[in-house]
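Just so you know, all these numbers are worked out from the coordinates, no wet-lab data involved. None of the values given here were measured: they were computed from a predicted structure. Reconstructed Cβ throughout: ideal geometry from the backbone, glycine too, with neighbour counts over all protein chains shown.
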Amino acid sequence: MSGSERSSAGIPLPGADASADGDSAGNARDSVFAAVGWALARDIRVALRSKGELGVQLLFYVIVVSLFPLATSPSREVLATIGPGVLWTAALLASLLSLSRLFASDFHDGTLEQIALSPRPLMALVSGKIAAHWLTAGLPVALMAPLLGVQYALDAPVLGTLMVSLVLGTPILSLLGAVGAALTLGARGGGSLLALLVLPLYAPVLIFGAGAVDAARAGVSAMPQLSLLGAGLLLALVAVPFAVTAALRIALD
Amino acid sequence: MTSCADGVDAQGLAARRGYATLFANLRFAASAGCALTVTGPNGSGKTTLLRIVAGLTAPVEGEIRWQGHPMRPFDLRMRGSVAFNGHLPALKDELSAEENLRAWIALDDRSPVDDAVGEALDAVALARQRRLPIRVLSQGQRRRIALARLRLVRRPLWVLDEPLTALDAEGVDALGALLDAHLAGGGVCIAASHQALPIARERVRSLALSAP
C-alpha cells in the first residue's frame, strides 16, 4: 500500500515514494542530489537577478577593510600586524550582512512553506540553499581578500594562506549563520538578534582563520590552524543541516 | 466509521492559538471528488485548520487521516499528496512566471512536459505575461499563477486558503474550471472561503466554524 505509485484518486504522486520506503537507495540518493541542485540553482539564479545586493556586500567588505589603514597608521609594521585580524573580522561582518536574506525572503513569500511540503528531503534543499549562500557571499569575499591584503603590506605567501583560510572558513560562517537565520525566522527584530546570536559562534573561526595568516606571516607553518578549520568545516557540514531543518519546521508551525 | 478511506477524515480535532482555543472536537470528512468549504468569521481558525490539514501544523488534539493513514506534520506521504495554496503565492519576484512554475515542476522530480507551463498559464489567461518578472505583476495575476501551479504540480488533495481573494470574474472562472477538472479526476479539495466556490453545488460540503 505504502509503496503504491498512485493514490486511489488515480493521480500519480511524483517522487513521493522513492525516498519514502528506502527500497532503492540509489533513487533516494539521486533525490537528495537533485534536491541540493534544485535549491542551489534557484538561489543562485535569484541572486544573479538581484546583482545590487551582491555588489553591496562585496563593496561593504572592500570599504571596511580599507578604512583601517586610514584610521591607524601608514607604517608597514602596524598594518602587517593588524592586517590578518582586520581582513578576517570584515569577512565575518560581510557574511552576517547577507545572512538575513538566506531564509527570510523565502519565509515571507511563502516559498519555505512549499519547500517544506514538497516530497523532497528538506535537509537536502536547505543544504543547497546554504551552498548557494556561500557561493554568492563567502567565495567572492575569499577571492577578493588577497587583493585587499596588499594594502596591509602582506607578501605573496601570506596572501595565499589568507585566501586558503577564507576558502575553508567562510563556508563555516555560512553554515553557522544558517542556524542563526533559521532560529530567528519570524522573530521581531530578527536582524539584530541574528548578529547577537551568530557573532559569538563565529569567534573560533575567526581565531583559527586569523591565526593561520599570522602564523604564515611569522614564517611558521599554518597547517595546524588550517587543519582545524577543515575539521570544523566537516563537523558543521554534518551537523548544521539537521539543526536548520528542525529550526525551520518550528518556524513554520 | 466513515467511509473516507479515499479522502480526508478528521476526528476530535482541536487547535489553539496562544491561549485561546480556536475549535475543539471538530470532525469532518471529504471523500474523492468532493470539495469541503470551511466558513466562519475572521479569527475562527480557518487558516489554522487548513495548515493542520496540509501538514504544516500539529493539532493540539485529535487525528487527521489521509486515505486511512494517520498524518503527522511534514509526513512524507502527506507531502507528496497535498498542494497547499495559502495567503502567500510562493513566487520569486526576480524570476518570471514561467521560471517560477518550471522550478516548482522540477522540485517534483518531473521534467516539464513540452509546453505544460505555457498551457497552464494560458488556462489562467496569463500567456502574454509568461516572461515578465513577478515583481511587475498585480496581486490578482500572482494569485492566478499560484492557481496554474496547482494544475502543474499534480496532487490529489488541494488545500486552498481564500482562493477567490483578488481574483476578477475571469480568474474565478479559471478557478472553477480547474476545480471541476480536479474533482472529476477524483481529487479532493478543502478550501476556506467567504464566498461560494465556483463549482457545482452538489459537489460541495460545508463546514462552519464558530467564533471562538
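Here are the numbers for this structure:
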{"quantity": "Simple label model, 7 Å out from Cα along Cβ direction - B:Ala106 to A:His108, nm", "calculated": "2.5 nm"}
{"quantity": "Compactness index (Cα Rg / 2.2 N^0.38 Å), the stretch A:18-252", "calculated": "1.08"}
{"quantity": "Backbone N under 19 Å from the A:Leu139 label point (7 Å along Cα→Cβ), restricted to the stretch A:213-235", "calculated": "A:230, A:233-234"}
{"quantity": "Calculated from backbone phi, Karplus (6.51, -1.76, 1.60) coupling profile of the stretch B:53-65 in Hz, x at Gly/Pro", "calculated": "5, 6, x, 8, 9, 8, x, 5, 9, x, 9, 10, 10"}
{"quantity": "Straight-distance crosslink candidates among aspartates and glutamates, where the alpha carbon sits under 14 Å from B:Lys92 and sequence neighbours closer than 8 are dropped", "calculated": "A:Asp43, A:Asp106, A:Asp109, A:Glu113"}
{"quantity": "Helix-only CD estimate at 222 nm, as mean residue ellipticity for chain A, using -39500 (n - 2.57) per DSSP H run (n ≥ 4)", "calculated": "-27000 deg cm²/dmol"}
{"quantity": "Whole-Hz couplings from phi, Karplus 6.51/-1.76/1.60, listed for the stretch B:144-160; x for Gly and Pro", "calculated": "5, 5, 4, 5, 4, 5, 4, 5, 7, 8, 6, 10, x, 10, 9, 10, 10"}
{"quantity": "A:Asn27 versus A:Ala203: modelled label distance in nm, points set 7 Å from Cα along the beta carbon direction", "calculated": "4.9 nm"}
{"quantity": "At most 12 other Cβ within 10 Å, DSSP loop - trypsin sites (Lys or Arg not before Pro), the stretch A:179-253", "calculated": "A:Arg188"}
{"quantity": "Chain B: calculated mean residue ellipticity at 222 nm from DSSP helix runs of at least 4, using -39500 (n - 2.57)", "calculated": "-9000 deg cm²/dmol"}
{"quantity": "Inter-label distance, nm, simple model (7 Å from Cα along the C-beta direction), B:Thr165/A:Ser50", "calculated": "2.1 nm"}
{"quantity": "Equivalent ellipsoid, the protein assembly as shown (semi-axes from 5 times Cα gyration tensor eigenvalues, Å)", "calculated": "48, 22, 20"}
{"quantity": "Over chain A, relative contact order from alpha-carbon pairs under 8 Å, at least 6 apart, %", "calculated": "22 percent"}
{"quantity": "Extension gain, B:Ala58 back to B:Arg131 (0.36 nm per residue minus Cα-Cα distance, nm)", "calculated": "22.4 nm"}
{"quantity": "Crossing angle, helix B:169-184 versus chain B [Cα axis fit, 0-90 degrees, rounded to tens]", "calculated": "60 degrees"}
{"quantity": "Span-rule helices in chain A, defined as complete DSSP H runs reaching 20 Å or more along the axis (Cα) with Kyte mean at least 1.0", "calculated": "A:51-71, A:156-183, A:190-218, A:223-252"}
